Amino acid sequence: MAEAVCVLVVGAGPVGLTTAYELARRGVEVRLVDQAAGPATSSRALAVHARSLETFRQMGIVDELLPLGQRVVHFTLHQHGRILIRFDTNYDTLPTPFPFSLMVDQVVTERVLREATARLGIRVEWGVRLVGLRPVTDGAEAELDHADGRAERTVVPWLVGADGAHSVVRKSLGLRLAGDSTETWLNADVVLDANLPRDSNHLVLCRGGALLLVPFPEPGKWRIVDTVDAHDADDPEAVRARIEAKLSAALRRPVGVAPPTWTSAFTVQQRMIGQMRVGRCFVAGDAAHVHSPASGQGMNTGIQEGYNLAWKLAQVALGYADDALLDSYPAERVPVGQVLLRSTRKATALVALRNAVAPVALPAGLGLLSTLKPAKRKVESKIIRGFCGLGLCYDSSPLTRPGPTTAAIPPGHRVAYTAEQQHRAGWREVVAELADPRWSLLLLGATGDEPRLAERYPAAVSVRSLPDPDGSVGRAFGVGPGGFVLIRPDGYVAGAGQYAGPADLDRLLRSCHLRPQVPDAAPTAPGVGSLAADA
């Protein structure tokens with residue numbers, strides 16, 4: 001291995017690829033290894049939710065993925081041959097340019113990420129297995145076995161374990177998954193002749209449980225999750241016949257089912273670790289938490305973790321920030337894992353419908369809800385918030401500073417905007433800043449201090465004076481003309497307030513563990529201005 005390699009990423013699934021790509025995009029030398037002989041060919045995760053699509057846009061790859069997927073904007077419940085209710089998407093309180101879930105095979109998502117990573121000069125080393133790991137003072141000592149039988153021992157400054165639920169990195173670091181296992185379900189990818197709308201997921205109530213149907217982009221192809229019968233997973237004809245019988249009986253019409261192209265029985269687990277960093281080693285994705293696939297959270301959460309970790313690790317590795325910045329990774333993501341387990345438990349209970357009174361209570365309750373439009377919209381908003389990832393915030397993060405109380409987008413929250421908003425003056429510049437891998441310091445109005453601010457942290461912070469002709473940008477962040485907004489590289493607000501001079505902003509950036517690259521010739525007087533004054 002070349003001495004220039006700074007980060008060893010173990011695992012080349014979506015999490016490892018996102019991490020490697022973001023590190024490389026910021027100029028960090030990366031090595032990416034995976035024990036598999038080559039790219040995955042079997043189907044796994046299917047849903048890419050709105051926040052992941054926003055992240056892919058920041059990464060510059062969303063336009064490659066969107067044409068390859070099926071957009072889903074409904075969730076339909078069926079019983080006894082009729083539709084009980086169809087929930088629509090409601091992103092009213094979570095504005096986004098991507099108000100849908102994109103159904104696309106994880107194999108395809110990985111391919112898009114892998115090709116993007118290769119364009120940055122990072123290629124996966126297949127057939128390389130991590131067999132030993134030991135944290136050392138200035139990095140990690142890793143033992144690798146190659147497919148040709150060669151053994152390798154190497155020391156790297158940093159190591160990231162994105163190696164899945166059976167993570168060797170996690171086990172080597174002595175981190176234990178705590179939680180429980182519940183039930184066993186069956187996944188099957190099949191082509192159906194069922195005449196079901198493909199812009200919706202469908203939950204079909206059957207005797208003793210339910211079938212969840214999720215559309216693939218390919219015509220007629222669906223992912224079916226059987227929450228009751230997981231036996232005979234290795235017998236395609238038995239699975240086909242069982243699904244055909246269940247769907248035909250539940251929909252009360254003949255349904256043709258082709259032999260499945262892939263089946264998998266799996267145990268629904270709810271487990272996570274309480275720490276995601278040991279020295280210079282980190283874990284992300286399924287290596288840190290495993291849970292029910294009921295709401296399609298696993299891959300999406302892992303992508304967010306890879307993105308969160310990569311920008312922080314890059315700034316520390318390149319000397320732009322202190323090591324303390326990396327402590328914010330577990331401080332932010334461990335609580336997310338805890339919330340995730342709670343939400344997936346609820347989603348599992350909904351999909352499984354084990355309650356004996358559900359077949360009686362659901363039709364009456366959902367029938368009433370259908371007639372109460374405002375109540376239905378509230379339920380739809382709550383459903384969306386539970387899985388799209390847009391509601392996640394870092395209010396309690398060590399990187400979040402108090403801000404204006406009037407802000408629609410306060411510190412700790414993601415920069416939210418709609419597809420229409422992104423073309424307005426002011427917002428257009430905000431959206432452009434989100435694609436910059438650096439922090440963004442936005443000033444609402446020219447101050448004359450921009451060159452001085454920019455030259456202090458040239459590689460870590462982008463400084464921009466922002467037009468705001470209709471005042472909508474300032475209102476969103478709770479600041480008026482002459483205000484500032486500091487946005488993290490992952491699109492979350494770190495701080496906002498009224499501009500009181502470069503000394504105040506310098507202290508703000510230092511409090512986020514950034515290191516000035518250029519000394520400030522002017523003395524910094526204490527107590528100047530307010531970093532969090534209400535607009």
Long-range neighbours under 7 Å by Cβ, at least six apart or interchain, first residue without any contact (Cβ under 8 Å) to a residue 24 or more places away in the chain within the range 207-223, second assigned to a strand (DSSP E or B) and crowded, with 18+ Cβ neighbours inside 10 Å: L213/N201; L213/H202; L213/V204; L213/W222; L213/I224
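Being within 30 Å of W439 (Cβ to Cβ), out of contact with any strand residue (DSSP E or B) (no Cβ under 9 Å at 6 or more places or on another chain) and assigned by TED's automatic domain parsing to the domain that holds S292 narrows it down to one residue among G13, G60; which is it? Walk me through it before giving the result.
Working: G13 fails: out of contact with any strand residue (DSSP E or B) (no Cβ under 9 Å at 6 or more places or on another chain).
None of the others qualify; the one that does is G60.
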Long-range neighbours under 6 Å by Cβ, at least six apart or interchain, first residue small (G, A, S) within the range 381-399, second crowded, with 22+ Cβ neighbours inside 10 Å and part of a loop (DSSP other than H, G, I, E, B): G389/H49
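So for the range 187-202 (the condition being of a type in the set (A, V, I, L, M) and within 22 Å of H289 (Cα to Cα)), does at least one residue qualify? I'd like the intermediate steps shown before the answer.
In the first step, residues of the range 187-202 are kept if they are of a type in the set (A, V, I, L, M); the result is 188, 190-192, 194, 196.
If we keep only those that are within 22 Å of H289 (Cα to Cα) as well, we get none.
No, that holds for no residue.
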Leading residue by the ranking (surrounded by the fewest Cβ atoms within 10 Å (Cβ to Cβ)) among those in the range 114-128 that are over 13 Å from L8 (Cβ atoms) and in contact with a Leu (Cβ under 7 Å, 6 or more places away or on another chain): R114
Of the criteria (1) of a type in the set (D, E); (2) over 28 Å from the mean Cα position of the chain (by Cα); (3) crowded, with 16+ Cβ neighbours inside 10 Å; (4) not in a strand (DSSP E or B), which one D148 fails: (3)
Test: R464 is among the basic types (K, R), surrounded by fewer than 21 Cβ atoms within 10 Å (Cβ to Cβ), touching a residue at least 60 places away in the same chain (Cβ under 8 Å) and in contact with an Asp or Glu (Cβ under 8 Å, 6 or more places away or on another chain): no
Selected residue (criterion: surrounded by the fewest Cβ atoms within 10 Å (Cβ to Cβ)) from residues of the range 277-317 that are at pLDDT 95 or above and assigned to a loop (DSSP other than H, G, I, E, B): G279
Elements of type strands (runs of 3 or more DSSP E) contained in the range 173-232, each with 1 or more residues being among the charged types (D, E, K, R): 178-193, 221-226
Residues within the range 412-450 that are crowded, with 17+ Cβ neighbours inside 10 Å and assigned to a loop (DSSP other than H, G, I, E, B), tallied: 11
Filter result for T227 (at pLDDT below 90, buried (at least 19 other Cβ atoms within 10 Å of the Cβ) and polar (S, T, N, Q)): yes
Count of the range 463-486 residues which are touching a Leu at 6+ places or on another chain (Cβ under 7 Å) and of a type outside the set (K, R): 13
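Kindly establish whether V9 is under 13 Å from the mean Cα position of the chain (by Cα) and within 30 Å of F266 (Cα to Cα).
Values: under 13 Å from the mean Cα position of the chain (by Cα): no; within 30 Å of F266 (Cα to Cα): yes.
Taking the combined requirement at face value, the residue does not satisfy it.
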Lone unmet requirement of (1) in a loop (DSSP other than H, G, I, E, B); (2) within 20 Å of Y320 (Cβ to Cβ); (3) touching a helix residue (DSSP H, G or I) at 6+ places or on another chain (Cβ under 6 Å) for P458: (3)
Qualifying residue in the range 99-107 (condition: free of Cβ contacts under 8 Å to residues at least 60 places away in the same chain and surrounded by fewer than 14 Cβ atoms within 10 Å (Cβ to Cβ)): no
Residues of the range 134-172 satisfying the condition of being of a type in the set (G, A, S) and either on the phi > 0 side of the Ramachandran plot or touching a helix residue (DSSP H, G or I) at 6+ places or on another chain (Cβ under 8 Å) (or both): G139, G149, G161, A162, G164, A165, S167
Count of residues meeting criterion [assigned to a strand (DSSP E or B) and over 19 Å from A446 (Cα atoms)] in the range 461-494: 3
Filtered residues of the range 5-62 (kept if touching an Asp or Glu at 6+ places or on another chain (Cβ under 6 Å) and among the hydrophobic types (A, V, I, L, M, F, W, C)): V5, C6, V10, A12, V33
Failed item in (1) among the hydroxyl-bearing types (S, T, Y); (2) under 24 Å from Y417 (Cβ atoms); (3) surrounded by 19 or more Cβ atoms within 10 Å (Cβ to Cβ), with T93 passing the rest: (3)
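The values are calculated or read from the model by the stated rules, or taken from the named source; none is laboratory data. Note that the structure is a prediction, hence the values are computed from the model and not measured. In this analysis, Cβ positions are derived from the backbone assuming ideal geometry, glycine residues included, and neighbour counts consider all displayed protein chains.
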